[in-house]
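What follows is a single structure, written as structure tokens, with notes after it.
The values are calculated or read from the model by the stated rules, or taken from the named source; none is laboratory data. Remember, it's a predicted structure, so these values are computed and weren't measured experimentally. We place every Cβ from the backbone using ideal geometry, glycine too, and count neighbours over all the protein chains shown. Note: accessible area is taken over every heavy atom of the protein model, side chains too, but ligands, DNA and RNA are not part of it. Shrake-Rupley method; radii C 1.70, N 1.55, O 1.52, S 1.80 Å.
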Amino acid sequence: TFVGRHAELRRLHEQVALGQVGVVTALHGLGGLGKTELAVAYAHAFADQYRGGAWSLAAEGKSDLLALIGELSVVPELDYTRTTAEENDPHLAGRAVLAYLTKMATTAAGPDDDGTGAHALLILDNVDDPGLLSARQLAVLPAGDAVRVAATTRLGADQLAARAALAFVPVDALAPDDAVELIRWHQPPRDSEGRYPDFVSREEESAAREIVELLAGFTLAVEQVAVFLGLNPDVAPSKYLAWLRTEGLSLADRHATDSVQDAMLHEEGLLSVVLASQLGTVDEVGRFVLRTAACLPPEEIPWPWLETIARAGFPHLNASASGPDPWLAVRRRVEGLRFLTPGEHPAAARMHRMVATHLRAADDGAVEAAVAGHVAARARALKRGEPAGTWEWAAVSHAALPLVRAHPETIPDIGNAVSRIASYVVDGSVEQLADRLLAHHRDLAAAQPGSLEAARDVSVSLDNVARLRRAGDPAGALTLYEESLTLLRDLAAAQPGSIQAQSDLIVSLSQLASLLDEAEARSPSAGAPAETAAKYWKKACALMQSLDARGHLPPSWDRLLRIACEKAAQ
């Protein structure tokens, strides 16, 4: 049932067999990503290297390496007989086992043996006590290369003190093709001989690929789905995909019945149990940081934002000038456990989507509210022109997209910054954000038919969306500008003495007129748009002259007044 992981297998072999003698290789990463399976697959794939055998030791809860190795003395497959002294002394038993493994490994198998298999492999599975891999403990291993050691652990690199004697191989999500193959392996055979499992059609294979994408290749979750589909052949991948989209990413756990868990290799079986157990190793501040990260886009989690929000929630993180910065210890902890991994930009981290889903389920809303408030504050800062990294413009746009619906209190700040953010972000997210804000304001206006403020908010959103569309969809932008102008005319008529209403109307007239001028420039033979534009310019010119006569025209509008009047006279 083991698929893929070719790069990890190669790296593991390079570290265990070809790396520095005496260095222990640690496979580390979140629970449920397949560390143990990778170690076992390595032992099988390179069995010819290990004439002394490959031996797995359950290391959970163990802190004494010699005593742990001594447990092998009673394993029947080793065919070793303990002495009375070894029965009474776990350390003596451990040294005896190491000597026995060395002898097994280095005794030539025959006249043609070239020595390449003169090794034994110990797999310390699920090390949860960093002391087990400390320099003092590892010093008991034989000095040569006869006994090689690999460990699997959920511990972070920051927790393992003997870093000089350890080489790390991170184990993260399955590659998409490998994850699809895992699902395929559990499908019924489709060939005439009944030997090769496969999807019933290319459409079902595509559905499996979409399942993998939603689960982001989290090994345990993919295995849960694969086993469930294998045990329930009447459920096609496309049907499961539909369930997953409507019921959420926790569906895999809910479908992990006893029969599914019995058919899986993983001991704990449930992803929620695996993640909860590992979260239990993180302190309160670390859990808060992780819950904060879970409220942000999983591929783009800004470290500066996490730091600011954490320092606000935990004042003791604000370090004194004379001591080390406690925030750095928090960051090292969550990075070391690989809850957060490096993102595309140095300022950003990534979090696996399944981890984020699990963390969000435990949030009572307070953490997400803190995140929403910070995103709104950063939008406000960008609007004011405060210093910001180049990465932050896109980060605000991407983070705001899922937040504005649940946190409408952020909409004024985010909406005001949309046009400025659009100057720096061209991936389509600003357009989606503007559309979402427009839908929100339309709903509010429909719920408050007599509200002038709600109507103005709709007009502002219409203008934002139109401004973003005018280059690629001028006809659609024209429709939006015309709708906005109708609203603003009504607002100006309802507030004849309002300078703001008159100013809004002038801006709308000018935007609509300039768009029509652009249309004329693209198609000068049409003629009609230019005449229409002139009418709007004329009205804008008249309104500005009226404001100017009363001393209410802002000095910065002098140029707009001149342009409007010149265009109106053409």
For the range 196-252, divide the Cα radius of gyration by the Kirkwood radius and give the resulting Rg/Rh value with two decimals. 0.92
Determine by what factor the alpha-carbon radius of gyration of the range 153-208 differs from 2.2 N^0.38 Å, reporting the quotient. 1.88
With all protein chains present, how much of the accessible area of the chain (probe radius 1.4 Å) comes from carbon and sulfur, to the nearest whole percent? 53
Considering only C-alpha atoms, what is the centroid distance from the range 383-440 to the range 289-335, in Å? 23
Treating only Lys and Arg (+1) and Asp and Glu (-1) as charged, each at its beta carbon, one finds that the chain has a dipole about its Cα centre, in Debye to the nearest 20, of 2160
Could you list the square roots of 5 times each eigenvalue of the Cα gyration tensor of the chain, that is, the equivalent ellipsoid semi-axes, sorted largest first and rounded to whole Å? 64, 27, 20
Please report, in whole Å³, the volume per residue of the convex hull around the C-alpha atoms of the range 452-570. 98
With +1 on the Cβ of every Lys and Arg and -1 on the Cβ of every Asp and Glu, the dipole magnitude of the range 3-69 about its Cα centre, in debye rounded to the nearest 20, is 100
Show me, bin by bin at 10 Å from 0, the whole-percent P(r) of the range 396-526 based on Cα pairs. 13, 40, 35, 12, 1
On the full set of protein chains, 1.4 Å probe, figure out the accessible area of ILE183 and give it in Å² to the nearest 10. 0
Could you sort HIS13, HIS440 by accessible area so the largest value comes first, with the probe set to 1.4 Å? HIS440, HIS13
Specify the angular offset, from 0 to 90 degrees and rounded to the nearest 10, of the alpha carbon long axis of helix 390-406 from the longest principal axis of the alpha carbons in the chain. 80
Can you find, among SER397, ALA549, TRP327, the residue farthest towards the positive end of the dipole of the chain? Put +1 on the C-beta of Lys and Arg, -1 on that of Asp and Glu. ALA549
So the compactness index of the range 321-372, its C-alpha Rg divided by 2.2 N^0.38 Å, takes the value 1.37
Positive dipole terminus of the chain, leading residue within LEU515, VAL282, GLY29 (C-beta point charges): LEU515
Give the angle, between 0 and 90 degrees and rounded to the nearest 10, that separates the Cα long axis of helix 202-215 from the longest principal axis of the Cα atoms of the chain. 90
Counting trypsin sites (Lys or Arg not before Pro) as exposed when in a DSSP loop with at most 16 other beta carbons within 10 Å, what is the longest stretch of the chain free of them? 196-549
Could you grab the relative contact order for the range 107-242? Cα pairs under 8 Å, six or more apart, rounded to a whole percent. 20
In percent, how large is the relative contact order of the range 361-465, given Cα pairs closer than 8 Å and 6 or more residues apart? 25
Among residues other than ALA7 whose Cβ falls under 14 Å from its Cβ, what is the net charge (Lys/Arg +1, Asp/Glu -1)? -2
Out of every Cα pair in the range 343-460, what percent are spaced more than 21 Å from each other? 44
Rg to Rh quotient for the range 44-165, alpha carbon positions, Kirkwood Rh: 0.98
What does the charge dipole of the range 165-225 about its Cα centre add up to, to the nearest 20 debye, if the Cβ of each Lys and Arg holds +1 and the Cβ of each Asp and Glu holds -1? 120
Taking the Cα atoms only, what angle lies between the long axis of helix 452-469 and the longest principal axis of the chain, rounded to 10 degrees? 70
Please give the residues of the range 324-365, grouped as numeric ranges, whose backbone N is less than 12 Å from a label point set 7 Å along the Cα-to-Cβ vector of GLU210. none
How many percent of DSSP beta bridges within the chain run antiparallel, rounded to 5? 20
Relative contact order [Cα under 8 Å, 6+ residues apart], the chain, whole percent: 10
Name the residue from ALA349, THR292, ALA381 whose Cα lies farthest towards the positive end of the charge dipole of the chain, charges +1 on Cβ of Lys and Arg and -1 on Cβ of Asp and Glu. ALA381
